[in-house]
Amino acid sequence: MTMKLILSLIFAVAAAWGFSARQQEEQDLFWKPLKKGRKTVLLFPLLLPCFLLLLLCFQLFLPSADFLSPIALILLGYLSLYFALLLLLLPLLRRFFSAKACASLWLLPNLLYLLFNLDSMFAPRIILPLPFAFRPWMVVVWLGGFVLMLLWQTVTHLRFRRRVLKDAVLVTDEKGLRLWQEAQEKPANRQKKFLSFSGHLLPRNTPVMVEEETLRLWRECQTRSGCRREILLLRSPVLATPLTLGLFDRTLRLVLPQREYTLEELELIFCHEVGHIRNEDIKTKAFLFFSLALGWFNPLIWLACCKVAQDLELSCDEGVLYRQDDKTRRKYAALLLHTAGSSLGLTSCLSANGRTLRYRLRRVLHPGKKLSGALLLGLSTFFMMMSYGSIALAQPARTADELIFQNIPSGSQLTAISQKDGFSSYQSIYAWEEEGLTDYLKGLSVEPLLTTALPEEDWEIYITFSDDQSATRLTLSRDFLTAYLPYDNKGAIYYKLTEPLDKETLFSFLDPSAPDPDPDPTPPTLDLFFDHPELRQTPLSASRTILSESRNGILQEERPYWRWEGDPSGIKGFPTEEVRLGFSLPCLPGGTILVQQLDGGREYSLPLDGLVGNALPLAPYSARYTITASFSHPVQNTVYEAQFCFDVRLP
């Protein structure tokens, strides 16, 4: 819980500070231009869609993995809950807080992509039961609706874009007209359908009109707002209101209707539309469209998509009219009223029809004093993160026999049990009543959870059923059960116990005090006790290599991790003449000691059996000592052939 609180506070402070800084940057536009390429949006609006699409790609390449469905369902649940609360509070929020704060609130669910794996840290506190069992065919239906909704939105946007740009006229100056004509007349371009103009591709038959003052004003507005590349300006006969369309920088276009505007009106239009670009409002709409495709059956998300468009327009109105007088506000209101129209797809328009326009006109003419909203963004981020992982969805309860044991391969037997008491204390259990324990486990009532992970508990018991080819592992805690089924590539499957685990009943089938009937022998070790006063208190362990292991005369497999690598252990700089050898296991006859001078070619060997009291006299020079011997272990008549090595570097 402490970690969750710290993370939530960090993200909350970052959200509040980031929003305040970006709001200040927008206000500073009244005096100075924005840094080139700078955006004033709180979060990149497409974080969550990009994350889910990345997961989808992983699942397509790893068809055995089934992690997308629960993640998408969990995120959809949080999106629905968040949007429901926001829709409920939106009238109150609009009354007291800035429009930019209300628009930024719609983007906070993008942070959920950072939190999806935090459910492995926090156990859910609220389990919401589903009235139906989640079936694979439901995933197919949901995925089909998701794909169809995305296709419908994409086709709608492309058709509207094509209709707007079909007869659109490019607005340029004399220089641009000359460059466009030269590009059309080049022999290399005569067969091309599209030609480059200011870094954009245009159909070669695009008509061009010269409006020097309009284009100059548009470029000045772009420069002041820090646009990285020039955005083309066009006029279209099918529009009634100015709009910006395009999701990416290369496809952005500002399109004006075929009507005359004064320079004052054009400046207001350009400031409004470049505000959409600076805030990446079209990407915000793309995020809402993606959310709508994700929850195509949820009316709350449909309503949210309508409301977010209002807040984006109100936010731009607020930015355009910052520190403006009543006269400018009246002109802006008249401009909104006289240019009302409609738009589709990934676009942002100056003025829309209907109730939204009436509400915007009231806000323009009577803005009132509003709070910044930085604290609101911080608190919203904090509570959203604190709530994540606290809620889980559960399918109807059934017995563990139906959900788990009927999927365990026939012939599997209970082979291992261990328990964890505390986060680092593990104990194996070697005696149990298999039939009674299996019947007890089968009778547990559990609810399948739609989650991707559960945190470790301070007490858990692990039960393994195995046959010759596979193993099924169950993990039980007080409130949860986790199953790892063979031949099931879904990984862990999580269940909520309908009643807390009865440990007394469970342990009536277990005997934790029973000894290990087949203990694993411990390989030998060698401690070195040197005669120097500073080295007598703490023995030094010699480097060890197990050459072979035999049990009842049968040679066991080689274990590479019993080999030391690199320089052996030893001492350096101490005057010493003798070392006493302390073996952890009895040494069999026939061991040898090889002494090799470190800086010369001298070497000699000693029989290990000839040592008195296991005291080894050291050579009068720096040397490496290698001891090779066999050792017996009483468990399973085990014999180890081991080699120990250490260096003594004299001063």
Original post:
Which angle between 0 and 90 degrees, to the nearest 10, do you get for helix 212-224 versus the longest principal axis of the chain when only C-alpha atoms count?
Top reply: 30 degrees
Subject >> Amide proton proximity set for S541, modelled H, under 5 Å, gap of 5+ >> reply: L528
Subject >> (i) 32.5, 108; (ii) 37.2, 112; (iii) 24.7, 76, with the label sought being that of the calculated Rg and Dmax of the Cα atoms in Å >> reply: (ii)
Subject >> Residue-by-residue Karplus 3J(HN,Hα) for the stretch 29-37, coefficients 6.51, -1.76, 1.60, Hz, glycine and proline x >> reply: 4, 5, 10, 9, x, 7, 4, 4, x
**OP:** Using only Cα atoms, find the angle between the long axis of helix 47-61 and the longest principal axis of the chain, and express it within 0 to 90 degrees, rounded to the nearest 10.
**Re:** 50 degrees
Original post:
How big is the antiparallel share of DSSP beta bridges in the chain, given as a percent to the nearest 5?
Top reply: 85 percent
Original post:
In whole percent, what relative contact order does the stretch 526-649 give with Cα contacts below 8 Å and a gap of six or more residues?
Top reply: 32 percent
Subject >> 10 Å Cβ shell holding at most 11 others, DSSP loop, GluC sites (Glu not before Pro): longest site-free stretch of the chain >> reply: 261-556
Subject >> Per-residue ³J(HN,Hα) for the stretch 428-434, Karplus 6.51 cos²θ - 1.76 cosθ + 1.60, θ = phi - 60°, Hz, x for Gly and Pro >> reply: 8, 10, 10, 9, 7, 9, 5
**OP:** Would you please classify the overall shape of the stretch 526-649 from the alpha carbon gyration tensor, given that a ≥ b ≥ c denote the square roots of the eigenvalues, rounded means a/c under 1.5, and beyond that prolate means a/b larger than b/c while oblate covers the rest?
**Re:** prolate
**OP:** Working from Cα positions, state the angle (0 to 90°, nearest 10) between the long axis of helix 263-278 and the longest principal axis of the chain.
**Re:** 10 degrees
Original post:
Any idea what the relative contact order of the chain is, in percent, if you count C-alpha pairs under 8 Å spaced at least 6 apart?
Top reply: 14 percent
**OP:** Read phi for every residue in the stretch 623-629 and hand back ³J(HN,Hα) as whole Hz from Karplus 6.51 cos²θ - 1.76 cosθ + 1.60, θ = phi - 60°, with x for Gly and Pro.
**Re:** 8, 10, 10, 10, 10, 10, 7
Original post:
What residues qualify as long-range amide H neighbours of W459, i.e. H under 5 Å apart, gap of 5 or more or another chain, H built at 1.01 Å from N?
Top reply: G422
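Since every read-out is calculated from the coordinates, none of them should be taken as a lab result. Keep in mind that this is a model prediction, so the values were computed, not measured. When we count neighbours, we look across all protein chains shown, and the Cβ atoms used for this are built from the backbone with ideal geometry, even at glycine.
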